[in-house]
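For reference, the structure discussed in these notes is given below.
The values are calculated or read from the model by the stated rules, or taken from the named source; none is laboratory data. Fair warning: this is a prediction, and the values are worked out from it, not measured in the lab. Cβ sites come from the backbone with ideal geometry, for glycine too, and all protein chains shown count toward neighbours. Note: areas computed on protein heavy atoms with side chains; ligands, DNA, RNA excluded. Shrake-Rupley method; radii C 1.70, N 1.55, O 1.52, S 1.80 Å.
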Amino acid sequence: MPKPPAPTMTVAQPVREEIVEWDAYTGRMEPIEFVEVRSRVSGYLQSIHFDEGQMVKQGDLLFIIDPRPFEAALNGAKAQLAQAKSQLSQAHAQMEEAKAQQKQADAQVQLADARVKRTRTLRVSSAVAQDELDQREAEFTQAQANVASALASISSAEAAQGTAAAAIEAAQAAIESAQLDLNYTRIYAPVTGRISREYITEGNLVSGGTATSSLLTTIASVQPIYCTFDVNEHQALKYIRLAIQGKRKSSREAKNPVYLGLSDEDQFPHKGHMEFVDNRFDTDTASMRVRCIFRNEDEVLVPGMFGKVRLPGSAAYEAILIPDSSIGTDQSSQYVYVVEDNKIERRQVTLGPIVDGLRVVREGLTGDEQLVIQGLLLGRPGMEVKTEAGEINVIEDGLPNTYEPLPAEEWISPGLTSIITPTETVQATPKKAEVVQ
């Protein structure tokens, strides 16, 4: 029988180019500021001043609670202040009167003392009767009692002054409290962002002043925006080793670039950078929470949306790339076929991730081989074959082949998106804040 013709294999030289291994994660968008707007005071909701689902600016008026009860309370506090000031004036008048009485009593004591001394001298010579001496001594005793009474009146006036001053301070505090409550009837947007719907409509009673106060609406900031995802222990250790070896800076210290693509995007047009790495692994999931940030100038990134995240997992280096179609697998290893002197040779390879649509070969190839890219199943090691030239196509994924940590002028700062006015109080928890107004 004639010898069967040698099969034809399509061969091509592996692609050699500088690449970065971009690790793939799935992240979720989170607003930098998410605020639950609640009322600080209770009352009937008088009016609403925003359109549902629209953008609001910090300081925009959102709600008005019926202010009339609080205006009445403020007027009552002002009346108490006026009454306390009147009491203080009265206490000052009592003090002046008591001081005048003291001066009069002191004069009476001096006069009575002089009279009793003179009368005693005359009594020695029997110039006056004993009754007159007794009368002068009684007058002196009465004058001393008047002095003691005047001193008591002064002490009473001082106490009245202190009471009136305390009443003024209490009234002023009551006015401040009433004024605050009145201010709290007008609820303003604490941050700039997109507002949600009206959870309570006009005319309903709003409960306020507690953590369980009626929820009026929520506001989520949109520019910039966070994207959070979890890194497992194996990946985190890889980043730590690379940082120790000086091949890749840690995202705790450097703003490493991050690229993001949405579900309807083939590439990764959104560029941001790492912003936060947690301080421990979650004991339930054995993963560490990390966070990146994007400018979101076109507001296409919406809180709660999922995204395809790409984070640099290596430094830039020259790699050998081959298509997955040229890779064979047996029970113990992965291999490729190369053609040497028109004979097939098997090469065992160690593979890495996919970059630009091709598989990274870590070990097993030098990049100068004639790699079989079509007809793999027809060949066997040692078989003579014919070859025809093929081409390995690189599919650009939009990710760069090199990178550097972002310089300071390109950092995206969350900014002070929430500046609270004196009429607002924010109770903040991680990733969520409750505005009590």
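So residue 41 passes all but one of these: (1) more than 53 Å from the chain's Cα centre (by Cα); (2) among the β-branched types (Val, Ile, Thr); (3) farther than 29 Å from residue 373 by Cβ. Which condition number does it fail?
Only one criterion in (1) more than 53 Å from the chain's Cα centre (by Cα); (2) among the β-branched types (Val, Ile, Thr); (3) farther than 29 Å from residue 373 by Cβ is unmet by residue 41, namely (1).
Given the conditions (1) touching a Phe, Trp or Tyr at 6+ places or on another chain (Cβ under 6 Å); (2) crowded, with 19+ Cβ neighbours inside 10 Å, which single one is not true for residue 346?
(2)
Within region 11-20, is even one residue more than 30 Å from residue 320 (Cα to Cα) and open to solvent by less than 60 Å² (accessible area, probe 1.4 Å)?
Step one: list which residues in region 11-20 are more than 30 Å from residue 320 (Cα to Cα), which gives none.
Among the residues of region 11-20, not one is more than 30 Å from residue 320 (Cα to Cα) and open to solvent by less than 60 Å² (accessible area, probe 1.4 Å), which makes the answer no.
Looking only at region 384-396, which residues are open to solvent by 40 Å² or more (accessible area, probe 1.4 Å) and under 55 Å from the mean Cα position of the chain (by Cα)? Reasoning before the result, please.
Residues of region 384-396 that are open to solvent by 40 Å² or more (accessible area, probe 1.4 Å), as a first pass: 384, 386-389, 391, 393-396.
391, 393, 394, 395, 396 - these are the residues of region 384-396 that are open to solvent by 40 Å² or more (accessible area, probe 1.4 Å) and under 55 Å from the mean Cα position of the chain (by Cα).
Check residue 102 against each of (1) modelled with pLDDT under 80; (2) polar (S, T, N, Q); (3) open to solvent by 60 Å² or more (accessible area, probe 1.4 Å) and name the one condition it does not meet.
Going through (1) modelled with pLDDT under 80; (2) polar (S, T, N, Q); (3) open to solvent by 60 Å² or more (accessible area, probe 1.4 Å) one by one, residue 102 breaks only (3).
Residue by residue through region 24-70, note down the ones that are over 25 Å from residue 221 (Cα atoms) and open to solvent by 20 Å² or more (accessible area, probe 1.4 Å).
Of everything in region 24-70, those that are over 25 Å from residue 221 (Cα atoms) and open to solvent by 20 Å² or more (accessible area, probe 1.4 Å) turn out to be 24, 42, 44, 46, 66, 67, 68, 69, 70.
Say we look at region 248-300 and pick out the residues that are under 17 Å from residue 21 (Cα atoms) and open to solvent by 60 Å² or more (accessible area, probe 1.4 Å); which of these is modelled with the lowest pLDDT?
The residue in question is 267.
For region 357-383, enumerate the residues that are out of contact with any Pro (no Cβ under 9 Å at 6 or more places or on another chain) and either within 19 Å of residue 329 (Cβ to Cβ) or surrounded by fewer than 18 Cβ atoms within 10 Å (Cβ to Cβ) (or both). Show your work before the answer.
Taking region 357-383 and keeping what is out of contact with any Pro (no Cβ under 9 Å at 6 or more places or on another chain), we get 362-364, 370, 372, 374, 376-377, 380-382.
The answer is 362, 363, 364, 372, 374, 376, 377, 380, 381, 382.
Just for region 308-325: of the residues that are among the charged types (D, E, K, R) and over 18 Å from residue 363 (Cα atoms), which one is surrounded by the fewest Cβ atoms within 10 Å (Cβ to Cβ)?
Within region 308-325, the first condition is being among the charged types (D, E, K, R), and the residues that meet it are 308, 310, 318, 324.
Still in the list and also over 18 Å from residue 363 (Cα atoms): 308, 310.
Numbers: 308: 17, 310: 21.
This residue is 308.
Give me the residue from region 286-330 that is without any contact (Cβ under 8 Å) to a residue 60 or more places away in the chain and among the small types (Gly, Ala, Ser) and, out of that set, farthest from residue 401 (Cα to Cα).
Going through region 286-330, the residues without any contact (Cβ under 8 Å) to a residue 60 or more places away in the chain turn out to be 286-288, 298, 300, 324-330.
So of that shortlist, the ones also among the small types (Gly, Ala, Ser) come out as 286-287, 325-326, 328.
Numbers: 286: 31, 287: 28, 325: 23, 326: 23, 328: 27 Å.
Across region 286-330, the extreme among qualifying residues is 286.
State which residue pairs qualify: first residue more than 17 Å from residue 169 (Cβ to Cβ) and inside region 71-94, second residue surrounded by fewer than 15 Cβ atoms within 10 Å (Cβ to Cβ) in any location, beta carbons under 8 Å apart, and separation of 6 or more residues or different chains.
Close Cβ pairs satisfying both conditions: 94/156.
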